[in-house]
Amino acid sequence: DGMDVNIVPKQFASLSNDTRLLAKSNRSGIYRPFIWNVSTNERINLASEQLGNEGDVTPLDWSSDGKLILLLHIHNATFQVYSYCIDDGILNRLIEQPSGVIFDAQFSPAGSIIVQWETSNMPLQIVSLNGKTGAFEQIMLKSLINDQIPASHLRRSVTFPSSDGQLIQGWLTLPVTNDNSGPLPTILDMHGGPEDVATNRFCPQTEVWVDHGFAHLSINYR
């Protein structure tokens, strides 16, 4: 793919004697998935047109029959899982997928999708989602502290213009107050570098500030 291009291999197909490798490359400036047959040197770029040119796309898993691939699209700090059919090129967005942070996902033998999932008011847990729609099915494994967490404040994605008009994305959490007119004392939280990203994940530090009446805004880089 050329100089200064990063290629990240994921896995070979599970079929016997199948030499196709699933990987991702940032040749275009953002990560996009592709399949490379190491025997024939054939390369197939996956869902390039359907997913456009915004946000990285990471391959997560390859079905045991070699026909489906799980893809994770991250844009504006939001996570969306897709199922891609290699035979017909159809990209299926799991429209009922619960919001939050997806760390990994795999196909199960029964056809469901097993996901490592976390939200602003729920620590990391492993859940089962419907393989076609992404609808929540059941909790497979949860944190020991899940049942002890008090009612939390929902975090929401916000955008605002920078000095040159470029939109900046962040996550805003507001306390429950009797007077919603404000203004509220606010904590502005900025992470350490442009390669990092604040997401809708569980954050006890945010909850402490909000519990004491502060608004909390985690700001991402442009």
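Only one of the numbered conditions (1) outside the structural domain of LYS132 (by TED's automatic domain parsing); (2) in a strand (DSSP E or B) is not met by GLY2, and that is (2). A single member of GLN116, GLN97, GLN125, GLN80 is in the same structural domain as ALA23 (by TED's automatic domain parsing), out of contact with any His (no Cβ under 9 Å at 6 or more places or on another chain), crowded, with 19+ Cβ neighbours inside 10 Å and among the polar types (S, T, N, Q), and it is GLN97. Of the residues making up region 76-103, those that are closer than 19 Å to LEU46 by Cα and assigned to a strand (DSSP E or B) are PHE79, GLN80, VAL81, TYR82, SER83, TYR84, CYS85, LEU91, ASN92, ARG93. Looking only at residues in region 23-54 that are of a type in the set (D, E, K, R) and part of a loop (DSSP other than H, G, I, E, B), the one that is farthest from LEU71 (Cα to Cα) is GLU42.
Of the residues in region 28-47, none is modelled with pLDDT under 90, of a type outside the set (A, V, I, L, M, F, W, C) and surrounded by 13 or more Cβ atoms within 10 Å (Cβ to Cβ).
The values are calculated or read from the model by the stated rules, or taken from the named source; none is laboratory data. Just so you know, these numbers come straight off a predicted model, no measurement behind them. When we count neighbours, we look across all protein chains shown, and the Cβ atoms used for this are built from the backbone with ideal geometry, even at glycine.
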